[in-house]
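Notes follow once the structure below has been shown.
The values are calculated or read from the model by the stated rules, or taken from the named source; none is laboratory data. Computed from a prediction, not measured in an experiment: that's the story for all the values here. Neighbour counts run over all protein chains shown; Cβ positions are idealised from the backbone, glycine included.
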């Protein structure tokens, strides 16, 4: 039994997609721990498996995909002994449906498509409340209005009867968050919830999520490709590449002392406002990562990042798959640079 | 090659200071709201409402604002891809001289579009999946009767090389390429007639960070090699700051501020710009002292508020803001702002917020 504040654990998760072109190993051995009141950020480029990891946790992996190996453990609150083994549940089983949307809920990227256009916002929120809690319709409506005002929607009693298309993008995303929070979840999975929104609206939503996390004391798994957003919201960060977590640590260590060459390269490839403001004359070029993400059907020998890595070591990186190494307490990395303690590598500050 | 046929009209020497390559004067685009069986017009969405800006030769002007503020519509109006309701779009065409794009007839418009081109946001939707790269990149050359046959093929190969793609890919279809490569194809198509000016409509927002950096670098390289001028429309402020010499900010169809990049980011003069600066998510987990979170929603361009459009969300609002619309004026050389209180307010830029 893990420490008290752990809500869910993912151990050695493998999720594959069986397609005509071959087997896509979307998630290839991911370990993550989600804690109460903390936000775990997951960053990576498209196709790195960050969304599939979240979908696996909800048992929502779509059809040609399958959880192949590993464990997903959920620890319901209020009980110190009970463990729900999500990986063993059928996606549409009664047990899974009792958890999904109730104890674990999810906010999706596209606020336009994650609500049904033909039913009112209130009806959609009430549906979840009535399904998971034994309450009357009138009571559910009161709760729906309450939760809508919790997400700071003005005139919640009016919004409850509007249709999603009558709301703006930011308001709709608030309504979707309200829907996700309607049953007081212990774990909220937010899959790029602000990617489709403007910066000012994004700032509002991030602010809201932080406040709600304190109120509900829930764990958040926040998936994004935007490192700026991660720095704003996450307590801990896992960087994913090709279905693997290549580095994981607390947010400030990741930004100030990144260890994995991929993390370092990612941080250098985004435009830094400080540099722009300090520069004189013509702007300089950004650093890029050479090549592109290999296609997911190939199994690369050795480290998954070796074809693009600037610190590639021949004979090692392309031969042996690196294991997870705990370089410092709570700072793990999957890279051969840190395997031999003799060649202790002092990580350069990626913000150079 | 065909460029040799054209001798650019060189009247630059006549001017002491070079006129801007592109100058827009009170550009307006109103979309009618129709209702009922007879499509009665009941109102207008003022997508672009009295926008004035200029872009100097060889520079990049960033155009930022929230979705629905009219930045894309402005970009499209410049090429007359959609016809503006009113306004002047003065473009220094190397072949035709200074022309008002808004008044051009179809044939001249085709001519001017050799020199002003556009690249689009979505690399998946902007390329016809049934056309090969040769057809896509060669399309403007064929349509403008610039090249055909072997010459066209050579030109396409040259363009593909320029944007970092292999000429052997010419017979392939877009589906075989990744998002970043598709954006390169779109760029090759835009650059094929050897233009002067490029409207880049969110060219990197659909791309991953590592690919985004590649495309931004490519845009900068091409700008230096080919002497291009960009209007860079985007909502990602860090990207805009990185690539632009000057930045213009729009809010609900109106231009609210325009200034050189560092000046705009460090000493903004409009409260909306200040709020934007403060909202930029930055890859730095050090807590910021002060953060402005705007309340309320973006105004509806079909039914905008009275006075200054920003007044319901503005922290510095005064009575005059509610009734009188501020003037868009130059308050210091090259710094334009539309705010009643621009001169007195001390607003924070990105650095003071850090």
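On the basis of being under 30 Å from residue B:309 (Cα atoms), more than 9 Å from chain A (Cβ to nearest Cβ), in contact with a helix residue (DSSP H, G or I) (Cβ under 8 Å, 6 or more places away or on another chain) and crowded, with 23+ Cβ neighbours inside 10 Å, does residue B:256 make the cut? So residue B:256 passes the test. No other residue among B:316, B:272 is outside any loop (DSSP other than H, G, I, E, B) and outside the structural domain of residue B:59 (by TED's automatic domain parsing) apart from B:272. Taking the listed residues B:128, B:102, the one that is touching a helix residue (DSSP H, G or I) at 6+ places or on another chain (Cβ under 9 Å), over 15 Å from residue B:22 (Cβ atoms) and modelled with pLDDT under 95 is B:128, with no other qualifying. Of all residues in segment B:44-52, at least one satisfies being more than 14 Å from the chain's Cα centre (by Cα), part of a strand (DSSP E or B), on the phi > 0 side of the Ramachandran plot and assigned by TED's automatic domain parsing to the domain that holds residue B:120. Scanning segment B:282-313 for residues that are within 14 Å of another protein chain (Cβ to nearest Cβ) and not in a loop (DSSP other than H, G, I, E, B) yields a total of 2. With respect to residue B:257, is the statement that it is over 16 Å from the mean Cα position of the chain (by Cα) and not in a loop (DSSP other than H, G, I, E, B) true? The answer is no for residue B:257.
Residues of segment A:24-38 that are more than 19 Å from residue A:294 (Cβ to Cβ) and either at pLDDT below 90 or buried (at least 24 other Cβ atoms within 10 Å of the Cβ) (or both): A:34 alone.
Conditions tested, residue by residue: (1) surrounded by fewer than 24 Cβ atoms within 10 Å (Cβ to Cβ); (2) in the same structural domain as residue B:345 (by TED's automatic domain parsing); (3) modelled with pLDDT under 90.
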| residue | (1), (2), (3) |
| --- | --- |
| B:205 | yes, no, yes |
| B:232 | no, no, no |
| B:260 | yes, yes, no |
| B:267 | yes, yes, no |
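Considering A:344, A:340, A:350, the condition of being within 12 Å of chain B (Cβ to nearest Cβ) and at pLDDT below 85 is satisfied by A:350 alone. Within the bounds of segment A:197-206, is there any residue that is at pLDDT below 90, touching a helix residue (DSSP H, G or I) at 6+ places or on another chain (Cβ under 7 Å), assigned to a loop (DSSP other than H, G, I, E, B) and under 30 Å from residue B:68 (Cβ atoms)? Looking through segment A:197-206, at least one residue is at pLDDT below 90, touching a helix residue (DSSP H, G or I) at 6+ places or on another chain (Cβ under 7 Å), assigned to a loop (DSSP other than H, G, I, E, B) and under 30 Å from residue B:68 (Cβ atoms). Regarding segment B:209-216, can at least one residue be identified that is farther than 18 Å from residue B:165 by Cβ, at pLDDT below 90 and assigned by TED's automatic domain parsing to the domain that holds residue B:89? Yes, segment B:209-216 contains a residue that is farther than 18 Å from residue B:165 by Cβ, at pLDDT below 90 and assigned by TED's automatic domain parsing to the domain that holds residue B:89.
Residue A:228 fulfils the conditions (1) facing another protein chain (nearest Cβ under 9 Å); (2) touching a strand residue (DSSP E or B) at 6+ places or on another chain (Cβ under 8 Å) except for a single criterion, (2).
Quick check, is residue B:198 part of a loop (DSSP other than H, G, I, E, B), surrounded by 21 or more Cβ atoms within 10 Å (Cβ to Cβ) and touching a residue at least 60 places away in the same chain (Cβ under 8 Å)? No: the conditions fail for residue B:198. Checking A:42, A:72, A:104, A:10 one by one, the residue that is closer than 17 Å to residue A:224 by Cα and under 18 Å from the mean Cα position of the chain (by Cα) is A:42 and no other. Based on what the data block shows, is residue A:92 out of contact with any helix residue (DSSP H, G or I) (no Cβ under 8 Å at 6 or more places or on another chain), surrounded by fewer than 18 Cβ atoms within 10 Å (Cβ to Cβ) and in a loop (DSSP other than H, G, I, E, B)? For residue A:92, the condition - out of contact with any helix residue (DSSP H, G or I) (no Cβ under 8 Å at 6 or more places or on another chain), surrounded by fewer than 18 Cβ atoms within 10 Å (Cβ to Cβ) and in a loop (DSSP other than H, G, I, E, B) - is met. The single condition among (1) within 17 Å of the chain's Cα centre (by Cα); (2) outside any loop (DSSP other than H, G, I, E, B) that residue B:80 does not satisfy is (2).
In segment A:152-209, the qualifying residues are those that are within 14 Å of chain B (Cβ to nearest Cβ) and in contact with a strand residue (DSSP E or B) (Cβ under 8 Å, 6 or more places away or on another chain), and the one that is surrounded by the fewest Cβ atoms within 10 Å (Cβ to Cβ) is A:195.
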